[in-house]
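What follows is a set of notes on a single structure, which appears directly below.
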Amino acid sequence: MLSHLRPALVMTLLFTLLTGLAYPLAMTGLGQMLFPAQANGSAIVRNGAVVGSSLIGQSFTSDRYVWGRPSAAGAGYDGRASSGSNLGPTSQVLADRIVADAGRYGVPSSEIPSELLTASASGLDPHISPRAALFQAGRVAAARSIPVSDVETLIAQYTEQPALGVFGEPRVNILALNLALDERSATAR
Amino acid sequence: MTLEGWIIILVFTGLIALIARPVGLYLAAVYGGERTWLTPVLRPVETAFYAAAGVKPQDEQGWRGYAAALVTFSLACTLLLFAILRLQHLLPWNPQGFDGVASGVAMNTAISFVTNTNWQAYAGESTMSHFSQMVGLTVQNFVSAAVGIAVAIAFARGFARKGAGTLGNFWVDLTRGVLYVLLPVCIVLTLIYIASGMPQTLARSLPVTTLEGGTQDVAVGPVASQIAIKMFGTNGGGFFNANAAHPFENPGALINLLQMLTIFAIGAGLCITFGRMVGDERQGWAILAAMGVLFIIGVGLAYWAETHATPAMLAAGLDPASGNMEGKETRFGTAASALFAVVTTAASCGAVNAMHDSFTAPGGIIPLVNMLVGEVVVGGVGAGFYGMLVFAILTIFIAGLMVGRTPAYLGKKIEAREVKLAVLAILASPLAILVGTALAASGLGTSGVQDAGPHGFTEMFYAFASAAGNNGSAFAGLTATSDFYTYGQAAAMLIGRFLIIIPALAIAGSLAAKPIAPPSAGSFPTTGPLFVGLLAFIILIVGALTFFPALALGPLAEATAGKLF
């Protein structure tokens, strides 16, 4: 083993310098130069303020907004505490949580699109299905006093289709949709 | 199940079959010391590394020397990583001001990353400084992968050489793996990943004022550079707690596909490298075919299972049409989540894009069984391949017993020494898994369990399967920060890494010294469907015989319980 000591120590040091410093720092430099928006977290800026990241979901509770999925990230959509619920398939706790969350929609859980009652894996899922968005169109329209068809049009506009027709489920980024709803309300006023 | 879901699965499988050969031939060239298109740039760097380390690249080692170099290197890496984690509060690039990592978790993490397990007893975004992520963890993502490939290559040399006393030079194989294979690919991948939305910055976070007027502090960091090697090196340790489910680690479906392809690329390619090295590429395709059979069975079962709602959902009156979306991301859905779960546990990657803990009981069995049989389906870079060859030796031995002939594989006689070592390598992990799970269930580990009933048992069982299999994925409801888990899991990881590598190298050393007999009419052909089927069957039989009782206590009991807990 002793004869291997020098190569072991020197190689550990050299690979640390190469793959631990040179590589990530060079990539950081290149990334900041070529793709600064993405490299810094894909911020959405409105009136000079960062209102979100286009990839990260945030919590919505007001009737004026389309709501997202239950989140187990911290107290909900905590950007520093990504997590799923990790509740298992025979968990009574999970069953109780689903029933409790369903109360928010005021209809039986069987009528609610299921991803609105299931926690995402990251707790930061920015998407819901188009069906789950349309399901909420009536409530949002009423809260904003605008025609339901306007909300439905926006949902259709913000629905992303699978890449190449196959990869990824049809989905709506609700932060983008809710921003659009706010902008529509602002211009209508 | 939908047509689109199956198209994703078939496209993925087809792409792996397509890239296996080019990857395999490139690896054969790199480790054969041949000139590649990167040689003009990298040769001077390589030479400088050898000069600094006092390595004479032409001096080869026997299996003992090769193993000793490997163990010494792993030890040096473990100590350095442990020191970095403990001292991160004194080191730069710690914008969140995290304290040093607690000693148990730091020791567990150091062993975890050096053994290519990447079990994470911590949440990345709330524990690790940018310095620790880059200079500590990213480095081990590279070198632990290069060590795995080196062992696979040394193992293949055991078959390829005759009357030889050496298996190669560990330092050369290690250096070439990082310089010619891992680093160039990761540079390209990182740029693609940043363009697709993965952060790459040393900033603290992205502070947000939400639409409803709240605040959200979105963790960022040097993510893309780590994710590239996390997947390509089948490490699987996430930058963030939610791993590849986090939108910053896996922003969309195409990137998800690319990540899965990079998980399998080297493992699949090594089969072809092996065929090329032993002078008959069909031998490699036969091994890959046996892996393919097991893979497709696993994906089919997991996908089918996850399109069903769980008993908890049905009890709560949920619409079962969307399948089991608890712990899954909308952008991936059930098909890409089930596929990812099978890929990550077939390879010893351990990254997750959905929470395995929330899978249906039958859906959760597939990743578990993948790990229990030793992750030989493509496998971790290198580790899966030499694991598979150990099973191939056992298969040849059993086939030899059936027909009453001295077994031989690729012209090498398989004798008592090789079979004993193969059995040692095959039994090491099950021993660690079953003893660890039994100790946990006896009360030492029950306080970390989240779920009641059989699922709680599965959380402990899965944890030890993951550690001993050097996988790193988890039924993450389990809290694994107690001394029992940090030390117990560390022991399981060490056994799962070195008690397979050392016997594998010993087998290779013993085989390399033997002559190669020309095939005769009595040789068992190892390229046909009979061998492929038998190999797949032996793997499943060994796994089933070893683990059926434990599976019956966990997921099988849960699947048939008919009630909630």
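Can you give me the long-range amide H partners of B:Tyr409? Hydrogens built in the peptide plane at 1.01 Å from N, cutoff under 5 Å, separation of 5 or more residues or another chain.
Those qualifying (amide H under 5 Å, at least 5 residues apart or on another chain) are B:Ile414.
Semi-axes, largest first, in whole Å: what does sqrt of 5 times each Cα gyration tensor eigenvalue give for chain B?
Semi-axes from the Cα gyration tensor: 35, 29, 22 Å.
Could you give the length gained by full extension between B:Phe537 and B:Ala561, i.e. 0.36 nm per residue of separation minus their alpha carbon distance, to one decimal place?
The span from B:Phe537 to B:Ala561 would gain 5.7 nm if fully extended.
Please compute the net charge surrounding B:Ala465, taking Lys and Arg as +1 and Asp and Glu as -1 over other residues with Cβ under 14 Å from its Cβ.
Net charge in that neighbourhood comes out at -3.
Tell me, which longest segment in chain B has none of the trypsin sites (Lys or Arg not before Pro) that fall in DSSP loops with at most 13 further Cβ atoms within 10 Å?
B:36-404
Take the Cα atoms of segment B:381-561, find their three principal axes, and give me the spread along each one in whole Å, biggest first.
Here the spans come out as 59, 34, 25 Å, largest first.
Give me the compactness ratio for segment B:35-132, meaning the Cα radius of gyration over 2.2 N^0.38 Å.
For segment B:35-132, the normalised Cα radius of gyration is 1.41.
With +1 on each Lys and Arg Cβ and -1 on each Asp and Glu Cβ, how big is the dipole of chain B about its Cα centre, in debye rounded to the nearest 20?
Roughly 1920 debye for chain B.
Which residue, chosen from A:Pro70, A:Pro113, A:Ser83, occupies the Cα position most advanced towards the positive end of the dipole of chain A, where the dipole is computed from +1 (Lys, Arg) and -1 (Asp, Glu) charges on Cβ about the Cα centre?
Going by the charge dipole, the pick is A:Ser83.
At a threshold of 8 angstrom on Cα-Cα distance, excluding pairs fewer than six apart, so keeping six or more, what relative contact order does chain B reach in percent?
Reported relative contact order: 19 percent.
Per DSSP helix of 4 or more residues, -39500 (n - 2.57); summed, then divided by the residues of chain A. What does that give at 222 nm, rounded to the nearest 500?
My calculation for chain A gives -11500 deg cm²/dmol from helical runs alone.
Over chain B, how many pairs of lysines fall under 16 Å by alpha carbon, counting only those 8 or more apart in sequence or from different chains?
6
Size of the dipole of segment B:381-561 about the Cα centre, Lys and Arg at +1 and Asp and Glu at -1 on the beta carbon, nothing else charged, in debye to 20?
840 debye
In vacuum, with every alpha carbon of the protein assembly as shown counted as one equal point scatterer, what does the Debye formula give for log10 I(q)/I(0) at q = 0.07, 0.08, 0.11 Å⁻¹? Two decimals, please.
-0.47, -0.61, -1.13
Considering all projection directions equally, how large on average is the shadow of the alpha-carbon convex hull of chain A, in square nanometres?
Mean shadow area of the hull around the Cα atoms is 17.3 nm².
How many angstrom lie between the Cα centre of segment B:172-245 and the Cα centre of segment B:16-81?
Taking the Cα centre of segment B:16-81 as reference, the centre of segment B:172-245 is 25 Å away.
Given the Cα-Cα distance of B:Thr209 and B:Ser442 and 0.36 nm per residue of separation, how much length would full extension add, in nm?
79.1 nm
Given the C-alpha centroids of segment B:108-147 and segment B:479-520, what is the distance between them in whole angstrom?
21 Å
No lab work stands behind these numbers, since they all come straight from the coordinates. If you're wondering where the values come from, they're calculated on a predicted model, not measured in any experiment. Virtual Cβ from ideal backbone geometry, glycine too; neighbours counted across all protein chains shown.
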